[in-house]
1. Indicate, rounded to the nearest 5 percent, the antiparallel portion of the DSSP beta bridges found entirely in the chain.
2. Could you state the accessible area per residue of the range 60-138 in Å², with a 1.4 Å probe and every protein chain left in place?
3. In Å, what Rg and Dmax follow from the Cα atoms of the chain?
4. What's the carbon and sulfur percent of the chain's accessible surface, probe 1.4 angstrom, rounded to a whole number?
5. Averaged over every viewing direction, what's the projected area of the C-alpha convex hull for the range 73-163? Give it in nm², one decimal, please.
6. Using a Förster distance of 35 Å, how high is the FRET efficiency between residue 219 and residue 59, based on the Cβ-Cβ distance and rounded to 0.05?
7. How long is the gain from residue 268 to residue 226 if the chain were fully straight, where each residue apart is worth 0.36 nm and the alpha carbon distance is subtracted?
8. Could you run the Karplus curve 6.51 cos²θ - 1.76 cosθ + 1.60 with θ = phi - 60° over the range 302-315 and give me ³J(HN,Hα) per residue in whole Hz, x for Gly and Pro?
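The values are calculated or read from the model by the stated rules, or taken from the named source; none is laboratory data. This is a predicted model, so every value here is computed, not measured. Cβ placement follows ideal geometry from the backbone for every residue including glycine, while neighbour counts extend to all protein chains displayed. Heads up: the accessible areas ignore ligands, DNA and RNA and are worked out on the full protein's heavy atoms, side chains in. Shrake-Rupley method; radii C 1.70, N 1.55, O 1.52, S 1.80 Å.
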Amino acid sequence: MNFVFVSPQFPASYWNFCDRLKQRGVTVLGLSDAPYDSLSEQVKNSLTEYYRVDNMEDYDQMVRAMGYFTHKYGKIDWLESNNEYWLTQDARLRTDFNITTGMKSEQVANVRRKSAMKAFYKKAGVPTARYHMVSSLEEGLAFAEEVGYPVFVKPDGGMGAEESYKLSNPDEMRYFYETKSDVDYIMEEFITGDIWSYDGISDSHGDIIFETTVSWPRSVADIVNNKDHLSYYTANILPEDLRRAGRATVKAFDVRSRFFHLEFFRLLDDKEGLGKKGDIVALEVNMRPAGGWTPDMYNYANSVDVYSIWADMVVYDKTYVDLNQRKYFAVYAGRRNGKNYIHTPEEIRERYRDQIVMDEDIPEIISGAMGDHMWTARLDTEEQKDEFIDFVQATWQ
């Protein structure tokens with residue numbers, strides 16, 4: 001099997017995907033714009049060969065790289081980055097090189113454009129917020145009048161919390177229209193809820209071979225815009241209503257042979273047209289693992305190796321990993337430079353020396369949401385989880 005892995009060096013832990021493929025006898029071909037000498041030894045050792053392009057945004061260069069791999073190794077069986085940013089280009093390369101595994105170009109809009117997701121959530125039977133595609137100020141004001149302030153706007157094809165805004169009154173609405181970028185935006189009624197994700201891996205039939213859940217902060221946009229702290233965790237129990245909604249969504253989107261990260265609200269209040277307090281409401285889908293070090297948190301929380309589960313899916317279309325292991329809370333707590341913290345890093349390391357599983361500086365490219373340094377701990381109870389977050393992020397007033 002010939003597998004082209006796009007950008008195997010970013011995020012830093014993604015070499016694990018390549019390593020598990022190579023352990024299973026796959027020819028793993030790395031493709032990126034990073035200089036070879038800049039790659040970690042882990043990345044280098046996980047690849048059969050590496051091809052560097054000057055610019056991954058230049059599709060002609062990517063095509064030439066694929067042509068080289070095809071000429072040297074024969075037909076390419078798989079191409080994947082597990083990265084939202086390259087989702088469209090991955091699909092285009094699969095289409096142009098007749099790679100039959102993974103999404104093709106015609107499928108990508110359904111999972112990249114937030115407006116297109118609405119119909120699939122409806123098919124899944126999961127309610128979703130009313131929306132309006134941003135056009136004129138007058139229509140935006142009319143939509144807000146219909147659903148009530150605040151409303152939430154974000155790029156229809158965007159990623160993460162970039163250029164996402166909560167508009168609380170007509171003046172903020174007017175300012176948004178005066179200053180917005182020249183991209184397509186979607187405007188939605190504002191939902192007050194906790195954010196939970198249903199994450200996992202599906203096989204070629206769309207059946208789930210691994211599933212877990214993550215609890216997220218209510219607004220990553222606020223964290224980015226206000227430079228707040230990020231903390232989140234993988235829970236040790238997957239709520240049954242979230243499991244049902246997640247599985248129905250996977251089926252509706254026909255998710256096959258890939259990682260997925262599906263986000264939902266759990267309503268904090270009754271919401272007319274959507275549900276009662278505590279009900280599940282759809283947010284958006286992502287066809288890749290959750291960002292940052294979350295795949296490693298899946299591992300620590302579930303006592304498994306998701307990189308191996310994913311590689312088993314690629315090679316065998318099933319997994320041999322024992323999923324019936326003890327489950328924990330894997331808890332992420334980030335810090336930002338320049339804040340006056342009560343506890344020193346040394347105190348954190350000493351207090352949680354038996355529980356800390358990751359202790360890392362965060363690359364600048366993702367620090368806006370995730371902070372400048374993070375600790376992740378594996379803990380037994382919800383009380384321990386809350387105490388850990390408080391201890392790491394407590395500041396002097």
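1. DSSP beta bridges in the chain are roughly 80 percent antiparallel.
2. Counting only protein heavy atoms, the per-residue value for the range 60-138 is 48 Å².
3. According to the Cα coordinates of the chain, Rg and Dmax are 21.5, 63 Å.
4. Heavy-atom surface of the chain belonging to carbon and sulfur, 1.4 Å probe: 46 percent.
5. Result: 7.9 nm².
6. Efficiency, from the Cβ-Cβ distance: 0.50.
7. 12.8 nm
8. Calculated HN-Hα couplings, in order: 9, 6, 9, 10, 5, 5, 6, 4, 4, 5, 4, 4, 5, 8 Hz.
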